[in-house]
Amino acid sequence: MASASGIARRTGRRFLSSLPALLGVLVFTFLLMRVLPGDPAVFFASGPNAGKAEIEEIRRQMGLDKPVPEQLVRYLGDVAHGQLGRSMTTGQPVLTDLRQRLPASLELTLTALAIALLLAIPLGIAAALRPGSVVDHAVRFLCALGVCVPTFVSGLLLIYVFYYLLGVAPDPTGRIDVFAASPPDITGFLLIDFLLVGDVEGWRAAAGQLVLPALTMALFVLAPLARITRAAMLSVLGSDFIRTARSLGLPRRRVIVTYALRNAILPVLTIAGIVFSTMLGANVLVEKVFSWPGVASYALDALLASDYAPVQGFVLLMASLFVVVNLTVDVLYGLADPRVSIE
């Protein structure tokens, strides 16, 4: 297995090689926002009857009175100094808004991914062990159903069943009940913050609010994870070394878990990384349905208001997270199978 210093060096080189892609994302998003219809200065002016002087003043404040190339150079300079601009919608720096909302999105996405993996891997293994059986067809039908049903539809159905009909779920009104006290802002993750202060009741309340939105997202990403697990397991189970292990009389559980699953886990890790990155940006419908204060709903509100800075900051954040996730998957590749080089 590669040493820790070697992994760090190779990971650093991979990160440096991704910087041109991040720069391309910055420039493309900046130019795209400038060609969209509508004038944000008119939107933020006080009413449709605002005077020309007031509109021009807002344009000056937003830097829109300068030529586009000059705006781009200034924007890239601000990003290099860690400044993503100020949101005209919230009145706060974009970096502050993203820092406040990112833990909510990460908590939701990580929980949903954990639920999806806990369901998808056993289902994929069960389907691969009995190809063509009732179990296999049931898993494939479940995967098709998860892909066909949009997230906002499954979210509304879960709310209707568990909140309206059964009454076992809390109000779908955000991360915590409106009448409950929030914990001290230590990490931004409510489940962790409640545990750190020892508030068990608060932790249960936050976990209850998290279940339905996380389950909604998990059902949507269950299909690709279960499918790739099934396909990888089918390929590995037909390998010579698996037949040899079975012929030696090794326990069935050991053959499946120790030998088959470990060799089949690499494509699952790849898909899990892609799914996680996609979930962070694509969970806007779930955030809207459950009033979840995440970065995706924040970016959508800014886009509808023609507020450039938050949208550009959101895209940069998603691109950066995508790079980090890919680097993490590369490291996990080497841990799962030492034969795989991070290079």
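The values are calculated or read from the model by the stated rules, or taken from the named source; none is laboratory data. Just so it is clear, the model here is predicted, and its values are computed rather than measured. Note: ideal-geometry Cβ built from the backbone for every residue, glycine included; neighbour counts use all protein chains shown. Each accessible area value is taken on the protein alone, full model and side chains, heavy atoms only, with ligands, DNA and RNA left out. Shrake-Rupley method; radii C 1.70, N 1.55, O 1.52, S 1.80 Å.
Computed values, structure above
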| item | result |
| --- | --- |
| Accessible area of the stretch 186-295 belonging to carbon and sulfur atoms, whole % at 1.4 Å probe | 66 |
| Rotationally averaged projected area of the chain (alpha carbon convex hull; nm²) | 22.9 |
| Residue-span extension gain [L165 to V147] - 0.36 nm each, minus C-alpha spacing | 4.0 nm |
| Rounded tilt (10° steps) of 308-336 against the dominant C-alpha axis of the chain | 20 |
| Euclidean distance between Cα centres, the stretch 83-103 to the stretch 136-190, Å | 26 |
| Under 14 Å, Cβ to Cβ, from P213 - net charge with Lys/Arg +1 and Asp/Glu -1 | -1 |
| Relative contact order, percent, the chain [alpha-carbon distance under 8 Å, six or more residues apart] | 27 |
| Dipole in debye (nearest 20) - the chain, about Cα centre, beta carbon charges: Lys, Arg +1; Asp, Glu -1 | 1640 |
| Accessible area per residue, Å², the chain with all protein chains present, probe 1.4 Å | 53 |
